[in-house]
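J.: Here it is: the structure, laid out below.
The values are calculated or read from the model by the stated rules, or taken from the named source; none is laboratory data. Everything numeric in this text was worked out from a predicted model, so none of it was measured. Because the Cβ atoms are built from the backbone with ideal geometry, glycine has one as well, and the counts that use them run over all protein chains shown.
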Amino acid sequence: MEEGLKFKQQVKHIYRALATFVVLSAVITSTIIYVMTDPTLSLFKKTPLESDYVMSPMEVDDDRIENGIHVRTGLIEAEGLMEVVYNCTNCHSSKLVIQNRMNKENWMATIRWMQETQNLADLGLNEEIIVNYLVSNYPPVKKGRRTLLSSIEWYNLED
Amino acid sequence: MVIFIDHCNYCYTGIRQKIIFLIDIICYSLEYMKRRNFVKKAALASMISLVGIDIVFGSSIPEGYQPLALQDPDPFKLFDLDKGMVVLNDKPWNIEAQAHLLDDKITPNKHMFIRNNGLIPENIDANTWSLTIDGESAQEVKSYSISELKSKFQEYTYHLTLECGGNGRSEFDPPAKGNQWTIGAVSCATWTGVRLKDVLEDVGIKENAVYIGYHAADIHLSLDPKKEPISRGVPMIKALQDETLIAYKMNGADIPLAHGYPLRLVAGGWPASVSGKWLNGISVRNIVHDGTKMTGTAYRVPCNPVGPGEKVKDEEMCIIESMPVKSLITYPKTGATIREGTKLSIRGHAWAGELEVSKMEYSIDFGSSWDDCGIELPSNRLAWQHFSAAISFPKKGYYEVWARATDAQGLSQPMLLPGWNPKGYLNNACHRIAIKVV
C-alpha cells in the first residue's frame, strides 16, 4: 500500500517536474523566437495595456482620432472622413486638401479637373459624401482685400 | 498594419491564456516580418514601374538602405533645409521660406522654396543623362550629354530671380485652388550653365519657331508614365535671351535633387514653372507650346480684368509672362520690439520680372507718407536688388513697416491685393512687418 502511495507520489512529482519543464521550455522557446523575430522588442515599447487589449492600439493606430483630427492625415473628423481619406490622399497629400478653402461649386470643379487631367476615377456615390465633407469642414474664409498681420511672435531686437 | 491585423485575426479566436498569448506574439511577429518584407519588395517593384527602369543591382541594395522614395520623408533632412522652412504639401513636395530666411543676397539651398508638380525622379545618372532637342521647328533632332554641353558651349553664371507664379496665393478672396503660398516662394540663386540660345543655334531652328517647351524626368502623381506632370515653356524671344540657361550648377555646386539635378532650364523673371527641373528635352515648336500646365487656366490670368470670384472661360485666360514688381523685407523678422529712440535698420530685396526696380520706398504710417530708401543696381539682369534703410519712429507704439518697389516703367506694388484671378497668381501686394517701440 505504502509502496503504491509512494509510487503515486513519485509519479506526481515527475509529472509536476515534467509539466514545469514543458511550460518553462515553451516560455523560453517563445521568448527566444520572439527576440529573434523582433530584436528591438518594439511590441513592448508601447505604453503597457491590459493584456486583453494589447493588440488593439496597433489596430486603431492607422486611423486614430485625436482632438477631432484624424492623426495620420490631419483631416477633421466628420461624416465622410474615411471616404476622403480613401479617395483623396492616394495621389496627393491630405495637406493639399487641408490648405484649400472652397465652396461646393469649386470643390466639384476641382474633382472634375482631376478626373479630366489627373486620372481620378468616377467617385460614384462617394462623390456627394466627399463634397459635403469638404464644404462643411473646409469652406471659404472671408479675407477681404488685405488681412491684419496675425500670429506675430514678439521678440526684443538688440542692435 | 490594418491589413496585417486582419491576416492575424485568426490568432485571437481562442481563450486568452498566457501560452496562447505568447503563441500570438510569435504568430504576430512572423506575420509582421513577412509583411514588412512584402511591403519592401512591393515598393521596390512599384518603384521600378514608377521610374520606368530597373533598379540596377536592386537585389544587392544593402539591407539598411532604402531608396529615396521609400525613405522616411523628413524633408528637412531629405533636402537639407532650414528648420524654419514651411511644408505646404508633402506629395508632391511644396515648401516655402519665410521672409526673414531670405535675408542672404544669394539664396542658399537651405532657404530655397521647392515647388514640385510631380514626384522627384529616382536613380539619376548624370553620366548617361541626355538632353534632346526636337520639335517641328528644329532643323534636326539632336541629343547632348552633359559633358558635351560643357565642352561644346561657353559657360555662363548669373544670379537669377525665380518666383512661383502662385506666390502670395493664400491672400486672395475668394480663395484660389492650389498650394497656399504666402510670401516665401521666391529665390535668387547663382545659376551656372550654357545658354539655351547657343544650343538652339547648334541644332538650328526654323524661321517658323514660335515657342520652346521643356520635357523632364519627373513622374506624374497618378504614376501614369504617359503623363507629364508639367511641360511648360517660353516664346522664342525669352528662349534666346542671354540669361536663359541650361544650368548644371546652382550656387557653385551640382544642382540639388529637389531643384532639378542634373539639368535645369532657368529663365529668370518669369513664373518659376518655366524653369523646368530634371530637364531631358526641349521641343522647338511652331505653335505656342501646348504641354501640361500651358493650357486651360494653369499659369494664366484673365486677359481682361474680372471681379472677385467671376467665372472666366479658358479662352479668355492669357499666359503669364514677366512677373510683376515686388519686394520683401528680410530683416528684421516681423515682431521686433525696439527701445524708443533707437533707429531700426531694415533691409531686403526687390525684383521686377524682366525689368529693373528703379525706386524703393517704405512707410511706417500705412501709406500716408513714403520715404525713399537706397536700392542697389542688380548684379546682372534678372537678379534681385538689395535695399536698406534706417528708420526713426516718432513715439512709442505699434507700427507696421511697409515696403513698396517701383519698376522701370513706373508701376508700383499695390498696398491692397491686386486684381483677383481664378488661380490666385501674381499677388505682388506690399510686404509688411510688425514693429513695437517701447
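J.: Kindly provide the set of residues from the stretch B:360-374 that are at pLDDT 95 or above and surrounded by fewer than 18 Cβ atoms within 10 Å (Cβ to Cβ), ordered by number.
T.: Within the stretch B:360-374, B:D365, B:F366, B:G367, B:S368, B:S369, B:W370, B:D371, B:D372 meet the criteria.
J.: Then there is this: Consider B:S345 carefully, then state whether it is surrounded by fewer than 19 Cβ atoms within 10 Å (Cβ to Cβ) and either under 19 Å from B:N167 (Cα atoms) or not β-branched (V, I, T) (or both).
T.: Working: surrounded by fewer than 19 Cβ atoms within 10 Å (Cβ to Cβ): yes; either under 19 Å from B:N167 (Cα atoms) or not β-branched (V, I, T) (or both): yes.
Yes.
J.: Can you tell me which condition B:K436 does not meet? The list is (1) part of a loop (DSSP other than H, G, I, E, B); (2) at the interface with another protein chain (Cβ under 10 Å from one of its Cβ atoms), and all the others hold.
T.: Unmet for B:K436, out of (1) part of a loop (DSSP other than H, G, I, E, B); (2) at the interface with another protein chain (Cβ under 10 Å from one of its Cβ atoms): (1).
J.: For residues in the stretch B:284-337 being hydroxyl-bearing (S, T, Y) and either buried (at least 21 other Cβ atoms within 10 Å of the Cβ) or part of a loop (DSSP other than H, G, I, E, B) (or both), which is farthest from the other protein chains (Cβ to nearest Cβ)? So that I can check it myself, show each step before the final result.
T.: If we filter the stretch B:284-337 for residues that are hydroxyl-bearing (S, T, Y), which is where we start, we get B:292, B:295, B:297, B:299, B:322, B:327, B:330-331, B:334, B:337.
Adding the requirement that they be either buried (at least 21 other Cβ atoms within 10 Å of the Cβ) or part of a loop (DSSP other than H, G, I, E, B) (or both) leaves B:292, B:295, B:297, B:299, B:322, B:327, B:330, B:334.
Values: B:T292: 8, B:T295: 10, B:T297: 9, B:Y299: 14, B:S322: 24, B:S327: 16, B:T330: 14, B:T334: 6 Å.
Out of the qualifying residues, it is B:S322.
J.: Taking the stretch A:100-140 as the region of interest, how many residues are out of contact with any Ser or Thr (no Cβ under 9 Å at 6 or more places or on another chain), at the interface with chain B (Cβ under 7 Å from one of its Cβ atoms) and either loosely packed, with under 15 Cβ neighbours inside 10 Å or under 28 Å from B:H220 (Cβ atoms) (or both)?
T.: So the answer is 3.
J.: Looking for whichever is within 30 Å of B:P418 (Cα to Cα) and either surrounded by fewer than 21 Cβ atoms within 10 Å (Cβ to Cβ) or more than 25 Å from the chain's Cα centre (by Cα) (or both) here; the options are B:D173, B:D125. Which one fits?
T.: Working: B:D125 fails: within 30 Å of B:P418 (Cα to Cα).
From the options B:D173, B:D125, the qualifying one is B:D173.
J.: Wholly within the stretch A:1-94, which helices (runs of 4 or more DSSP H) include no fewer than the required count, namely at least 1 residues that are modelled with pLDDT under 90? Before you say what the answer is, go through the steps one by one.
T.: Numbers: elements: A:2-37, A:56-61, A:81-88.
The qualifying helices (runs of 4 or more DSSP H) are A:2-37, A:56-61.
J.: Something else now. Quick check: anything in the stretch B:147-168 on the phi < 0 side of the Ramachandran plot, in contact with a Pro (Cβ under 7 Å, 6 or more places away or on another chain) and surrounded by fewer than 22 Cβ atoms within 10 Å (Cβ to Cβ)?
T.: no
J.: Criterion first (of a type in the set (D, E), closer than 19 Å to B:G276 by Cβ and touching a residue at least 24 places away in the same chain (Cβ under 8 Å)) does B:D134 satisfy it? So that I can check it myself, show each step before the final result.
T.: On the way: of a type in the set (D, E): yes; closer than 19 Å to B:G276 by Cβ: yes; touching a residue at least 24 places away in the same chain (Cβ under 8 Å): yes.
Against the criterion (of a type in the set (D, E), closer than 19 Å to B:G276 by Cβ and touching a residue at least 24 places away in the same chain (Cβ under 8 Å)), B:D134 qualifies.
J.: Is there a residue being within 14 Å of chain A (Cβ to nearest Cβ) and crowded, with 24+ Cβ neighbours inside 10 Å anywhere in the stretch B:185-193?
T.: We begin by selecting, within the stretch B:185-193, every residue within 14 Å of chain A (Cβ to nearest Cβ); these are B:185.
Now narrow it down to the ones that are crowded, with 24+ Cβ neighbours inside 10 Å: B:185.
Scanning the stretch B:185-193, I find at least one residue that is within 14 Å of chain A (Cβ to nearest Cβ) and crowded, with 24+ Cβ neighbours inside 10 Å, so the answer is yes.
J.: Which of (1) surrounded by fewer than 21 Cβ atoms within 10 Å (Cβ to Cβ); (2) assigned to a strand (DSSP E or B) does B:F387 not meet, given it meets every other one?
T.: (1)
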